[in-house]
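Just so it is clear, none of the values below were taken in a lab; they were calculated from the coordinates. All figures in this text were calculated on a predicted structure; none of them were measured in a lab.
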Amino acid sequence: MIRKIRVKAVGDLKLKHPTAGVLRPEGSMWPADQFTLRRLREGVIVAETTEPAKPKPEKAKAATAPQT
């Protein structure tokens, strides 16, 4: 299985990976292959290190009636 990383273009560049396709403005998942790693070294893309925040599911509060 090929490792993938989320990358984003620096500036307004329009890039296309040979197998993964076009790099979207909000970022895309690209394989961590020679093409992607070369673009990272060149500085035309950056790897996003943080994933978008996912909403935390709220825990259901157990309603307990006071015992008398």
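Given the Cα-Cα distance of VAL22 and THR49 and 0.36 nm per residue of separation, how much length would full extension add, in nm?
Stretched out fully, the VAL22 to THR49 stretch lengthens by 7.7 nm.
Want the number for ARG38 to ILE2: 0.36 nm per residue separation, take away the alpha-carbon distance, what's left?
11.3 nm
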